[in-house]
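What follows is one structure encoded as structure tokens, with my remarks underneath.
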């Protein structure tokens, strides 16, 4: 749902003043788009992968892992909030804490988890935009198909299924995660 009727320039102050409760925003071509919430499965998958990435990244001081509440200001002025993002430590030099506003530039790793409301065109536009702005690796997770598409550019390079290993390659050096663990059935 778009809440701005005409494109405009958004300052950090304007952006921070938007109501947050129950909303997750992106700025696309000057218009604020409310992405809403994606449901429990989406949130659960994000938490599983964030926990694994965070443990790996923090223990090795590789950079920073952020969730979907973090907006990244891209060179074209759009603000995107991927479900999970990683920023390499080389881009964080000189910072003693995370910025209180928005990170300038695209994440090195983007993770997008498909939601029922996502369209093919919307996802493709995001992926193209991330790579045009410096993203080096993207994982697109499809909960319904229980698979992950791996991207190094606007088109997918590999399809991973249960039984395969998700790797951070040279972006999140040494990180490996069994795809089966992401889609593990609950047994409570």
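Could you say whether any residue in region 114-129 is assigned to a helix (DSSP H, G or I), more than 14 Å from the chain's Cα centre (by Cα), farther than 22 Å from residue 77 by Cβ and free of Cβ contacts under 8 Å to residues at least 12 places away in the same chain?
yes
Would you pick out the residues in region 61-86 that are surrounded by fewer than 19 Cβ atoms within 10 Å (Cβ to Cβ), at pLDDT below 90 and within 18 Å of residue 136 (Cα to Cα)?
Correct list: 76 only.
Pull out all pairs, ordered by first then second residue, where Cβ-Cβ is under 8 Å, the residues are six or more apart or on different chains, the first lies in region 64-88 and is in contact (Cβ under 8 Å) with a residue 12 or more places away in the chain and at positive phi, and the second is assigned to a strand (DSSP E or B) and crowded, with 22+ Cβ neighbours inside 10 Å.
The qualifying pairs are 77/27.
Being under 17 Å from residue 45 (Cα atoms) and surrounded by fewer than 13 Cβ atoms within 10 Å (Cβ to Cβ) is the filter here, so list the residues in region 164-176 that pass it.
Result: 165, 176.
When you go through 87, 113, 141, 148 one by one, which is the residue that is touching a strand residue (DSSP E or B) at 6+ places or on another chain (Cβ under 9 Å) and over 18 Å from residue 44 (Cβ atoms)?
Residue meeting the stated conditions: 87.
Would region 134-147 turn up any residue that is surrounded by 14 or more Cβ atoms within 10 Å (Cβ to Cβ), at pLDDT 95 or above, part of a loop (DSSP other than H, G, I, E, B) and in contact with a helix residue (DSSP H, G or I) (Cβ under 7 Å, 6 or more places away or on another chain)?
yes
Of the conditions (1) at negative phi; (2) modelled with pLDDT of 95 or more, residue 13 fails just one. Which one is it?
Condition not satisfied by residue 13: (2).
Sort out which residues of region 177-188 are surrounded by 12 or more Cβ atoms within 10 Å (Cβ to Cβ) and either within 28 Å of residue 61 (Cβ to Cβ) or out of contact with any strand residue (DSSP E or B) (no Cβ under 8 Å at 6 or more places or on another chain) (or both), and write them in order of number.
177, 178, 179, 181, 182 - these are the residues of region 177-188 that are surrounded by 12 or more Cβ atoms within 10 Å (Cβ to Cβ) and either within 28 Å of residue 61 (Cβ to Cβ) or out of contact with any strand residue (DSSP E or B) (no Cβ under 8 Å at 6 or more places or on another chain) (or both).
Consider residue 130 carefully, then state whether it is in contact with a helix residue (DSSP H, G or I) (Cβ under 9 Å, 6 or more places away or on another chain) and over 17 Å from residue 45 (Cβ atoms).
When the stated conditions are applied, residue 130 does not pass them.
Collect the residues in region 104-113 that are surrounded by 13 or more Cβ atoms within 10 Å (Cβ to Cβ), in a strand (DSSP E or B) and without any contact (Cβ under 8 Å) to a residue 40 or more places away in the chain, keeping them in residue-number order.
Correct list: 110, 112.
Return only the number of the condition from (1) under 18 Å from residue 54 (Cα atoms); (2) free of Cβ contacts under 8 Å to residues at least 40 places away in the same chain that residue 184 does not satisfy.
Result: residue 184 passes all but (1).
Go through (1) free of Cβ contacts under 8 Å to residues at least 60 places away in the same chain; (2) more than 22 Å from residue 158 (Cβ to Cβ) for residue 139 and report which single condition fails.
Going through the list (1) free of Cβ contacts under 8 Å to residues at least 60 places away in the same chain; (2) more than 22 Å from residue 158 (Cβ to Cβ), residue 139 breaks only (2).
The values are calculated or read from the model by the stated rules, or taken from the named source; none is laboratory data. The structure displayed is predicted, hence computed values, not measured ones. Neighbour counts are summed over all protein chains in view; Cβ atoms, including those assigned to glycine, are modelled from backbone coordinates with ideal geometry.
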